[in-house]
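For reference, the structure is listed below as structure tokens.
The values are calculated or read from the model by the stated rules, or taken from the named source; none is laboratory data. What you are looking at is a predicted structure, and each value in this text was computed from that prediction instead of being measured. Cβ placement follows ideal geometry from the backbone for every residue including glycine, while neighbour counts extend to all protein chains displayed. The protein model used for the area step is the full one, side chains on, heavy atoms only, and it has no ligands, DNA or RNA in it. Shrake-Rupley method; radii C 1.70, N 1.55, O 1.52, S 1.80 Å.
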Amino acid sequence: MLLYGYVIMSNHLHLIVQSRDSKLSDLIRDFKKYTAKNILETIQSEPESRREWMLERFKKATETHGRNKKYQFWQYGNHAEEIYTLPFMWDKLNYIHLNPIRAGWVEKAQHYIYSSASNYVSGKGLLEIELADHLIIDTTKTSEFWKYNKYEE
């Protein structure tokens, strides 16, 4: 998997990914399976004050779907969009990176640790990513990437 951008919010996540050698649907399926298994194992094995409440919610989610018998961590489906152009890629990067600002959690996107915005601003972040090619940014648009430009710190 090539990861170009991400943001992890409290109730959802956004990923901009590319599959190296398989279909995107296979990659998303495998990602969900791997992360659900590891997160559920961690919840069950580590001290966690909300353990019973979370496991109850994940168990209840299985009632509406027949596939998982014990716990349902991820919702079924996803909202994948194919990215064909660099401007569209940057529109999506801008959108996901501005989520923590819209939520009122940070003033600058690069200050949110669970996002790839800092990778684009300072070259380092929580996860390693593939940087998208740079696009000339129109700074007259208030919703654009300039909100987390390193020169505005």
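About the Cα centre of the chain, what is the dipole size in debye to 20, counting +1 per Lys and Arg Cβ and -1 per Asp and Glu Cβ, all else neutral? Don't skip to the end; give the middle numbers.
Values: 21 positive and 20 negative charges, 143 e Å.
Roughly 680 debye for the chain.
Mind jotting down the three principal axis lengths of the chain based on Cα atoms? Whole angstrom, largest first.
That works out to 50, 37, 25 Å along the principal axes.
Quick one: length gained pulling D133 to D21 fully straight, 0.36 nm per residue minus the C-alpha distance?
Working: separation 112, 0.36 × 112 = 40.32 nm, distance 2.14 nm.
The span from D133 to D21 would gain 38.2 nm if fully extended.
Please report, in debye to the nearest 20, how large the charge dipole of the range 17-87 is about its Cα centre when each Lys and Arg carries +1 at its beta carbon and each Asp and Glu carries -1 there.
300
Taking the Cα-to-Cβ direction at N78 and at F31 and moving 7 Å from each Cα, how far apart do the two end points lie in nm?
It works out to 0.4 nm between the two label points.
With a cut-off of 13 Å, note down the residues of the range 1-29 whose backbone N falls inside the zone around a label point 7 Å from the Cα of N38 toward its beta carbon.
Only 1 fall inside the zone, counting backbone N under 13 Å.
Within the range 1-102, what whole-number % of the accessible surface is contributed by carbon and sulfur, with the 1.4 Å probe and all protein chains included in the calculation?
53
Contact order normalised by length for the range 4-125, with contacts defined as Cα pairs under 8 Å and 6 or more residues apart; what percent is it?
The value is 26 percent.
Do the alpha carbons of any pairs in K23/K59; K37/K59; K32/K59; K32/K60; K33/K70; K33/K108 sit beyond 24 Å of each other, and which pairs?
Details: K23/K59 30 Å; K37/K59 14 Å; K32/K59 17 Å; K32/K60 18 Å; K33/K70 14 Å; K33/K108 32 Å.
Flagged as over cut-off: K23/K59; K33/K108.
Where q = 0.12, 0.14, 0.16, 0.29 Å⁻¹, what log10 of I(q)/I(0) comes from the Debye formula for the range 15-76, counting one point per Cα?
-0.37, -0.49, -0.61, -1.21
Once the Cα atoms of helix 51-60 and of the chain are each reduced to a long axis, what angle between those two axes, in degrees from 0 to 90 to the nearest 10, is obtained?
Approximately 80 degrees, to the nearest 10.
Working out 0.36 nm times the residue gap between N11 and S122, then minus their Cα-Cα distance, what length gain in nm do you get to one decimal? Let's see the in-between values first.
Values: separation 111, 0.36 × 111 = 39.96 nm, distance 2.66 nm.
Gain on extension, N11 to S122, equals 37.3 nm.
Measure nothing fancy, just the Cα-based angle from helix 86-97's long axis to the longest principal axis of the chain, in degrees from 0 to 90, nearest 10.
Once rounded, the angle reads 60 degrees.
Treating the angle as unsigned and between 0 and 90°, give the value, to the nearest 10°, between the Cα long axis of helix 24-45 and the longest Cα principal axis of the chain.
For 24-45 against the chain, the angle is about 60 degrees.
Residues of the chain: accessible area per residue at 1.4 Å, in Å²?
With the other protein chains kept in place, the chain gives 71 Å² per residue.
For T62 and W105 in one chain, what is 0.36 nm times their gap in residues minus the Cα-Cα distance, to one decimal in nm?
On the way: separation 43, 0.36 × 43 = 15.48 nm, distance 3.17 nm.
That pair, T62 and W105, stretches by 12.3 nm at full extension.
Whole angstrom only: what separates the Cα centroid of the range 1-16 from the Cα centroid of the range 75-102?
Between the Cα centre of the range 1-16 and that of the range 75-102, the gap is 9 Å.
Which is farthest toward the positive dipole end of the range 1-92 among A36, Y6, W90, measuring Cα position about the Cα centre, with Cβ charges +1 (Lys, Arg) and -1 (Asp, Glu)?
In the range 1-92, that residue is A36.
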